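Okay, structure first, notes after.
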Amino acid sequence: MYNTNKIVLSWYDSNKRILPWRESSDPYMIWISEVMLQQTQVNTVIPYYIRWIKNYPTIKSVAKADINSLLKLWEGLGYYSRCRNFHKASQIVEKKYNGNIPDEYSLFHELPGVGDYIAGAVMSIAYNKKYPAVDGNLNRVLSRYLGIKNLTKRNKLRIQNQIKKLIAYQRPGEINQALMDIGSLLCKPNEALCLKCPLIDNCKGYASGYPITYPLKNKRKSTPTKKFVAGFITNKNKILINKRKHDGLLGGLWELPITEISNNCSKMDAIKKYVKSKYGFSVNIINQFDNVKHSYSHYKLLVTLFMCELKHKRSEVGHWINIDEIDQYAFSKINHKLFDIIGVKNF
């Protein structure tokens, strides 16, 4: 296993991806990059990471920041609970650890949003400690290497033991990153560039002749579609927006008034009734736009947008903003899609 460790590190030294968070050994920068990379592609993360570090260069600057400012910077990256948890964790680090990110696995793991993977990644990369960082890429690489078809609890333990053996000798953080890179560059979900892989000599997947069949893919369940109506409600160059509760999906983000409807419900009646019940005022429907689609991990959205205006003078109920203030608020992707179809930038 020592020879395998050396072979993998030699490959990494010559082939590693050049990424901005790899230019620093600062645990804060490594930590925020791993938070952003959860369920998000590297190329998507890079510009967000660069902007974040420019605006918040230290853990202390994050702890002192207003969550709304952080969410605005995170806008479009998705999975916003990551941002909220990182903010909470940064405040704990400032208050409890005097701004020093814990270098003990158990203490770091207790922080909001820190699971096994992030704890292992930060401990190994920032602090050179021998902890595995097992993500989807690493599971796939070692499943093929070990000839594992099914990711059962027992087989996941085999993968954990294998990576522990690899990181036992030297440079544990770089071993973890090397396996991530092998998974991203060579040992891909639907392609295996085995002849370029440093693990080829002992890889059971390669020996089988069909490496991409390891591990077996889970059958995808059909994704339900939920139908919503939304209102772009105007009055004297102002529009009405809502702030979502911090403890729910898209928590802390702003949105146009929106509500779910049933299949047999009149969309126009639904938006009128929703506005009346929530705000106490009535609206006229000016226009109906094409449906907007958006997908989350567990369901799809189909949103019908209506342009509306108040029947009477502007209400003091709700949060009204000038249209040119939209860029000052953090909205989800679905809301930006709604803004796009209405041409709000040119409104």
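The values are calculated or read from the model by the stated rules, or taken from the named source; none is laboratory data. Because the structure is a prediction, the values reported are computed rather than measured. Cβ coordinates were reconstructed from backbone atoms using ideal geometry, including for glycine residues, and neighbour counts include every protein chain displayed. For the accessible areas, the whole protein counts, side chains as well, though only heavy atoms, and no ligand, DNA or RNA atoms are used. Shrake-Rupley method; radii C 1.70, N 1.55, O 1.52, S 1.80 Å.
When TYR169, TYR80, TYR97 are compared by accessible surface with a 1.4 Å probe, the order from highest to lowest is TYR169, TYR97, TYR80. Residues in the chain average 53 Å² of solvent-accessible surface per residue, probe 1.4 Å, ligands and nucleic acids excluded. What a 1.4 Å probe finds exposed on the stretch 1-70 is 49% carbon and sulfur by accessible area, rounded to a whole percent. Note on GLU104 and SER266: the extension gain reaches 52.6 nm, defined as 0.36 nm multiplied by sequence separation minus the Cα-Cα distance.
Order 173-179, 69-75, 138-144 from most to least packed using the mean count of other Cβ atoms within 10 Å. Could the numbers behind the result be given before it?
Values: 173-179: 23.9, 69-75: 19.7, 138-144: 25.4.
Descending mean neighbour count gives 138-144, 173-179, 69-75.
For TYR329, the amide hydrogen comes within under 5 Å of no other amide hydrogen, counting only partners 5 or more places away or on other chains and with H modelled in the peptide plane.
Can you compute the FRET efficiency between ILE285 and HIS246 using 1/(1 + (r/R0)^6), with r the Cβ-Cβ distance and R0 = 56 Å? Round to the nearest 0.05.
Calculated value: 0.95.
Normalised by the number of residues in the stretch 147-215, the mean separation of alpha-carbon contacts (under 8 Å, six or more apart) gives a relative contact order of 37 percent.
What FRET efficiency comes out for the pair ASP26/LYS196, r = Cβ-Cβ distance, R0 = 30 Å, nearest 0.05?
Taking R0 as 30 Å, the efficiency between ASP26 and LYS196 is 0.40.
The lysines within cross-link reach of LYS221, meaning a Cα-to-Cα straight distance under 23 Å and a gap of 8 or more places when in the same chain, are LYS149, LYS153, LYS156, LYS188, LYS293, LYS300. Other residues within the sphere of radius under 15 Å centred on the Cβ of LEU77, judged by their own Cβ, net out at +3 (K and R +1, D and E -1).
Taking a straight Cα-Cα cut-off under 17 Å and skipping sequence neighbours fewer than 8 places away in the same chain, the lysines within cross-link reach of LYS130 are LYS6, LYS164, LYS165. Read through the labelled values (1) 49; (2) 57; (3) 31 and report the label of the one computed as percent of Cα pairs over 30 Å apart from the structure. It is the one labelled (1). Largest GNM mean-square fluctuation among ALA168, ALA133, ALA119, using the chain with Cα springs under 10 Å: ALA168. Relative contact order, whole percent, for the stretch 72-204 stands at 20, derived from Cα pairs under 8 Å and 6 or more residues apart.
Comparing GLY280, GLY147, GLY115 in a Gaussian network model of the chain where C-alpha atoms under 10 Å apart are linked, the largest mean-square fluctuation is found at GLY280. When THR58, THR304 are compared by accessible area at a 1.4 angstrom probe, the order from most to least is THR58, THR304. Its relative contact order, with pairs defined as Cα atoms under 8 Å and 6+ residues apart, puts the stretch 156-276 at 14 percent. Springs between Cα atoms under 10 Å define the GNM used for the chain, and in it the highest mean-square fluctuation of VAL122, VAL35, VAL283 occurs at VAL283.
Could you order ASP290, ASP103 so the one with the most accessible surface comes first? Probe is 1.4 Å. Let's see the in-between values first.
Details: ASP290 125, ASP103 70 Å².
Largest to smallest exposure gives the sequence ASP290, ASP103.
The stretch between THR152 and LYS16 holds 45.9 nm of extra length on full extension. This uses 0.36 nm per residue minus the Cα-Cα distance. Excluding same-chain neighbours fewer than eight residues apart, the lysines reachable from LYS88 by a Cα-Cα span under 22 Å are LYS54, LYS60, LYS64, LYS72, LYS96, LYS243, LYS245.
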